[in-house]
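Chemist: Let me begin by handing over the structure; questions about it come next.
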Amino acid sequence: MTKVLINEQLVDEQDAKVPYNDRGYVFGDGIYEYIRVYDNSVFTAKAHFERLLRSAKEIGLELKYNVEELSELIQELLSANGVINGGVYIQVTRGAAPRDHAFPTPSIETNIMAFTKSYDRPYKSLEEGINAITTEDIRWMRCDIKSLNLLGNVLAKEYAVKYNAQEAIQHRGDIVTEGSSSNVYAIKDGEIYTHPVNNYILNGITRMVIKSVADDKGIPFNEETFTLDFLKNSDEIIVSSTSIEVMPVVKLNGESVGEGKVGAITKSLQEGFNNYIDKHS
Ligand code: PDD
């Protein structure tokens with residue numbers, strides 16, 4: 001029977017219930033992480049747990065676990081479910097309380113929940129690339145927080161699905177920010193361009209790995225804003241995340257990107273990413 005982690009207990013999936021007045025459910029008042037498992041090893045776990053702690057701090061949520069404790073809880077869940085390759089979702093909410101926008105006083109117990117998925121890497125799309133579509137970024141101004149409030153992201157992804165694309169690349173006015181659930185890179189004349197880390201994007205863990213791979217390979221990694229036009233005229237486009245890794249975009253708004261196939265810089269980053277996984281799992 002698949003187990004779900006609910007407040008330090010591993011419970012059978014069908015018994016995994018949360019209270020109707022949990023603030024995560026009522027207000028989206030909580031934070032989350034999604035972490036990958038390769039070959040029985042939790043990939044870049046520390047960076048993910050540290051980001052969870054940061055998100056908690058930014059919304060004034062007192063998390064009662066440190067990185068080691070979170071790591072132990074998640075490891076226990078993964079072992080119980082026998083996950084070899086897959087991922088683990090973990091969320092923490094401010095807890096259950098009568099509905100009132102302001103934080104409950106005195107503060108209440110937070111609720112932590114985690115579940116796992118077993119699946120393989122997306123080899124086919126990594127080799128062939130995906131289609132993306134562009135859409136206005138309608139989200140709030142704190143996209144650096146991995147908040148449970150994902151309505152803007154959900155609507156963007158649904159827009160992509162409607163137009164037969166796998167990802168929606170968002171822009172605020174003319175400036176490209178990030179995907180609905182990924183970071184975005186434009187590659188032009190052998191250099192990588194990606195939105196700087198600030199409140200308009202999530203500081204992706206995969207982005208950090210890509211940056212270190214690019215540095216090792218001597219590929220310029222420019223953390224600069226760029227426009228929609230620049231994106232449309234780039235030689236290669238990548239979107240990255242924990243689940244889609246270093247994913248090539250070969251069609252943007254129905255038009256071929258560059259030569260319409262996976263480009264050389266993308267392939268080189270993918271190779272570096274694979275080596276990084278091998279070394280760190
Ligand atoms: N999403 N930007 C957004 C808006 C995201 O939702 C994600 C990841 C990323 C990439 O972050 P990372 O490389 O740390 O996964 C960027 C995860 C996969 C999700 O919501 O499931």
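The values are calculated or read from the model by the stated rules, or taken from the named source; none is laboratory data. Keep in mind that this is a model prediction, so the values were computed, not measured. Glycine gets a Cβ as well: all are built from the backbone with ideal geometry, and neighbour counts include every protein chain shown. Side chains are part of the model used for accessible areas, which takes the heavy atoms of the whole protein and leaves out ligands, DNA and RNA. Shrake-Rupley method; radii C 1.70, N 1.55, O 1.52, S 1.80 Å.
Chemist: Quick one: what pairs do we get from the stretch 138-154, first residue more than 20 Å from ARG23 (Cβ to Cβ) and in the same structural domain as ASP174 (by TED's automatic domain parsing), second more than 12 Å from the ligand (Cβ to nearest atom) and modelled with pLDDT of 95 or more, C-beta under 8 Å, 6+ apart or different chains?
Modeler: Every condition considered, the pairs that remain are ILE138/LEU155; MET141/ASN199; CYS143/ASN199; ASP144/GLU58; ASP144/ASN198; ASP144/ASN199.
Chemist: Any residue in the stretch 45-63 that's farther than 14 Å from ILE205 by Cα: show its pairings with residues that are of a type in the set (Phe, Trp, Tyr) and away from the ligand (no atom under 13 Å from the Cβ) at Cβ separation under 8 Å, as long as the two are six or more apart or on different chains.
Modeler: GLY60/PHE103
Chemist: Please tell me if THR116 is open to solvent by less than 40 Å² (accessible area, probe 1.4 Å), of a type in the set (S, T, N, Q) and more than 17 Å from SER243 (Cα to Cα).
Modeler: Values: open to solvent by less than 40 Å² (accessible area, probe 1.4 Å): yes; of a type in the set (S, T, N, Q): yes; more than 17 Å from SER243 (Cα to Cα): no.
Taking the combined requirement at face value, the residue does not satisfy it.
Residue-by-condition table, conditions (1) more than 10 Å from the ligand (Cβ to nearest atom); (2) open to solvent by less than 10 Å² (accessible area, probe 1.4 Å):
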{"position": "SER181", "(1), (2)": "no, no"}
{"position": "ALA186", "(1), (2)": "yes, yes"}
{"position": "THR194", "(1), (2)": "yes, yes"}
{"position": "LEU202", "(1), (2)": "no, no"}
{"position": "GLY218", "(1), (2)": "yes, no"}
{"position": "ASN222", "(1), (2)": "yes, no"}
{"position": "SER234", "(1), (2)": "yes, yes"}
{"position": "ILE238", "(1), (2)": "yes, yes"}
{"position": "MET247", "(1), (2)": "yes, yes"}
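Chemist: Looking only at the stretch 141-153, which residues are open to solvent by 80 Å² or more (accessible area, probe 1.4 Å) and either within 12 Å of the ligand (Cβ to nearest atom) or assigned to a helix (DSSP H, G or I) (or both)? Step through it out loud before you land on a result.
Modeler: Initial filter on the stretch 141-153 (open to solvent by 80 Å² or more (accessible area, probe 1.4 Å)): 141, 149, 151.
Passing the criteria: ASN149, LEU151.
Chemist: Follow-up question, since we're still on this one. Among the listed residues GLY28, GLY86, identify the single one that is surrounded by 15 or more Cβ atoms within 10 Å (Cβ to Cβ), within 16 Å of the ligand (Cβ to nearest atom) and outside the structural domain of CYS143 (by TED's automatic domain parsing).
Modeler: Details: GLY28 fails: surrounded by 15 or more Cβ atoms within 10 Å (Cβ to Cβ).
Just one listed residue meets the conditions, GLY86.
Chemist: Identify, please: which residue in the stretch 154-179 is under 15 Å from the mean Cα position of the chain (by Cα), among the small types (Gly, Ala, Ser) and not in a helix (DSSP H, G or I) and is, among those, nearest to the ligand (Cβ to nearest atom)?
Modeler: The selected residue is GLY179.
Residue-wise test of (1) more than 22 Å from SER243 (Cβ to Cβ); (2) open to solvent by 30 Å² or more (accessible area, probe 1.4 Å).
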{"site": "ASN40", "(1), (2)": "no, yes"}
{"site": "ALA45", "(1), (2)": "no, no"}
{"site": "HIS48", "(1), (2)": "no, no"}
{"site": "LYS64", "(1), (2)": "yes, yes"}
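Chemist: OK, next. Looking at (1) within 15 Å of the ligand (Cβ to nearest atom); (2) in contact (Cβ under 8 Å) with a residue 60 or more places away in the chain, which one does LEU228 not meet, given that it meets all the others?
Modeler: So LEU228 meets the others, but not (1).
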